[in-house]
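Engineer: Sharing a structure, written as C-alpha cells. Questions coming.
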Amino acid sequence: MRNSGKQPAAFLDRDGTIIKAVPYIKDPSLVEVPAAVLSGLQQLRAAGFLLILISNQSGIARGYFTEQEMLAVHRRMCELLAEGGITLDGYYYCPHAVTPGSCNCRKPLTGMLEKACRDFAIDRQHSAMFGDSDCDMQLAANFNIPGLLLFDERNAANPQLATQVCRDFQEAAEWLLQYAGRWP
C-alpha cells in the first residue's frame, strides 16, 4: 500500500536513458527519444508515477557547452516527450566539475534526489532510479531505492550494482510496475 498523499517517482537519468547517448550533447537537433522510452514513460505516468529527471552535466563546468545550450537540449527533449503525451514533473542537474567535494549533488551523491523529495511528496518505498551507468546504480544504492540499469556494451562495467538489468526502458518500466514496493 502506498503512503497516503505521496506519489512514487521514477527518477530518470537523461543521456543514454531518456535520450540516445551523444557525448556532451549541445545541439538540440541531435536529440532522439527512443520509442521504448515513450511507451515506458506512458505506462509509468498512467500508474501514477512522478517523472523526475536527474542528470550530471559536468560539460558546463568543463566548458564543453553552456548552460543555455544544455537547456536548449532539454527543451528539445521536452518537445519530443510532449509529442508522446509526456511531461516531466521535475528536472534536476548538476553543472559542477568532477572534483571530489565540489558539491553534494553530483551523482552518485544524493543531493538531487534529496531536493526532489523536498519539492514533491515522494513515496520513496515505491520509487526507483532508471539509468545506464554504474554512477546511476550507485546513486540508487546510496538513496536506498532500486536501480534499473539499461544495459548495453558501452556502459556499466559493474552491472551487479543494479537491482535489475534491463534491455531497454520499456522492460525497466514493466519491471518497476510489477515489483513496486515489494523488491525481490
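The values are calculated or read from the model by the stated rules, or taken from the named source; none is laboratory data. Note that the structure is a prediction, hence the values are computed from the model and not measured. Reconstructed Cβ throughout: ideal geometry from the backbone, glycine too, with neighbour counts over all protein chains shown.
Engineer: Just to check your reading of the model, which residue among Val22, Val37 is among the β-branched types (Val, Ile, Thr), buried (at least 16 other Cβ atoms within 10 Å of the Cβ) and either assigned to a helix (DSSP H, G or I) or free of Cβ contacts under 8 Å to residues at least 40 places away in the same chain (or both)?
Structural biologist: Only one candidate passes the filter, namely Val37.
Engineer: Among Ile54, Ile60, Ile86, which is the only one that is more than 22 Å from Ile122 (Cα to Cα) and aliphatic (A, V, I, L, M)?
Structural biologist: Exactly one residue qualifies, and that residue is Ile60.
Engineer: Further question: When the range 97-122 is examined, which residues are found to be in contact with a Lys or Arg (Cβ under 7 Å, 6 or more places away or on another chain) and modelled with pLDDT under 95?
Structural biologist: Of everything in the range 97-122, just one residue is in contact with a Lys or Arg (Cβ under 7 Å, 6 or more places away or on another chain) and modelled with pLDDT under 95, namely Ala97.
Engineer: Test Gly85 against the stated conditions and say whether it is outside any helix (DSSP H, G or I) and under 17 Å from Ala36 (Cα atoms).
Structural biologist: It is true that Gly85 is outside any helix (DSSP H, G or I) and under 17 Å from Ala36 (Cα atoms).
Engineer: Please go through the range 88-110 and pick out each residue that is among the hydroxyl-bearing types (Ser, Thr, Tyr) and part of a loop (DSSP other than H, G, I, E, B).
Structural biologist: Those that are among the hydroxyl-bearing types (Ser, Thr, Tyr) and part of a loop (DSSP other than H, G, I, E, B): Thr99, Ser102, Thr110.
Engineer: Let me ask another. Which residues, counting only those in the range 13-33, are touching a Phe, Trp or Tyr at 6+ places or on another chain (Cβ under 7 Å) and either within 24 Å of Leu113 (Cβ to Cβ) or of a type in the set (Gly, Ala, Ser) (or both)?
Structural biologist: Passing the criteria: Asp13, Thr17, Tyr24.
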